[in-house]
Amino acid sequence: MAFYAFKTIDVGSVGAGASTEKTWTSDDDYTIHKIRFIEKTGGDLYQYEVTISIDNYVITKDIVSAYALTGTWNQLPVLDISIKKSQVIKFSIENNESAARNCYIVLELHK
């Protein structure tokens, strides 16, 4: 398994107390090695709660703070999640911060 590409999902701005969902349909078979949240303005993501699922299988077992998926690449947990072509990964996000947050989600894809 070797690095193949990065896939960036632009979440856009999520207002304080608001929620959104973002999805990506895999265009091939991959292993999602790591997932990184990047707040575009450098704001905190402590109360930015995320549920991640692939074809309705929830891999976060409820929610996880996006803060657990921030930092430098070598600080992120290795996930190694298999995703097949045409499977859908969904990020359900609730912003419980006191201000809007504007993020990217970056998937490190391996083959």
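Values quoted throughout were computed directly from the atomic coordinates according to the rules given, and no laboratory measurement underlies them. No experiment lies behind these values; they were computed from the predicted model shown. Backbone-built Cβ (ideal geometry, glycine too); neighbour counts: all protein chains shown.
What's the percent breakdown of Cα-Cα distances in the chain across 5 Å bins, shortest bin first?
P(r) over the chain, rounded to whole percents: 2, 12, 23, 27, 19, 11, 4, 1, 0.
Picking from 15, 98, 42, whose Cα lies most toward the positive end of the charge dipole for the chain (charges on Cβ: Lys, Arg +1; Asp, Glu -1)?
42
Mind checking which lysines have their C-alpha under 26 Å from residue 40, skipping anything on the same chain fewer than 8 residues away?
Excluding near neighbours in sequence, the set is 7, 22, 90.
Looking at the stretch 1-64, which trypsin sites (Lys or Arg not before Pro) are in a loop (DSSP not H, G, I, E or B) and have at most 10 other Cβ atoms within 10 Å? Mind showing how you got there, number by number?
On the way: sites: 7, 22, 34, 36, 40, 61; in loops: 40, 61.
For trypsin sites (Lys or Arg not before Pro) across the stretch 1-64 that sit outside H, G, I, E and B with at most 10 neighbouring Cβ atoms in 10 Å, the list reads 61.
Just to check I understand the Karplus step: with θ = phi - 60° and J = 6.51 cos²θ - 1.76 cosθ + 1.60, what whole-Hz values come out for the stretch 67-82, glycine and proline as x?
4, 5, 10, 10, x, 7, 4, 6, 8, 6, x, 7, 9, 6, 9, 6
What shape does the stretch 1-47 have by the C-alpha gyration tensor, where a ≥ b ≥ c are the square roots of the eigenvalues, rounded means a/c under 1.5, and otherwise prolate means a/b greater than b/c and oblate the rest?
Judged from the Cα gyration tensor, the stretch 1-47 comes out prolate (a/c at least 1.5, a/b above b/c).
To the nearest 20 debye, what charge dipole does the chain have about its Cα centre, counting +1 at the Cβ of each Lys and Arg and -1 at the Cβ of each Asp and Glu? The partial results should precede the final answer.
Details: 11 positive and 14 negative charges, 44 e Å.
About 220 debye.
Using Cα springs under 10 Å in a Gaussian network model of the chain, which residue among 11, 58, 50 shows the largest mean-square fluctuation?
58
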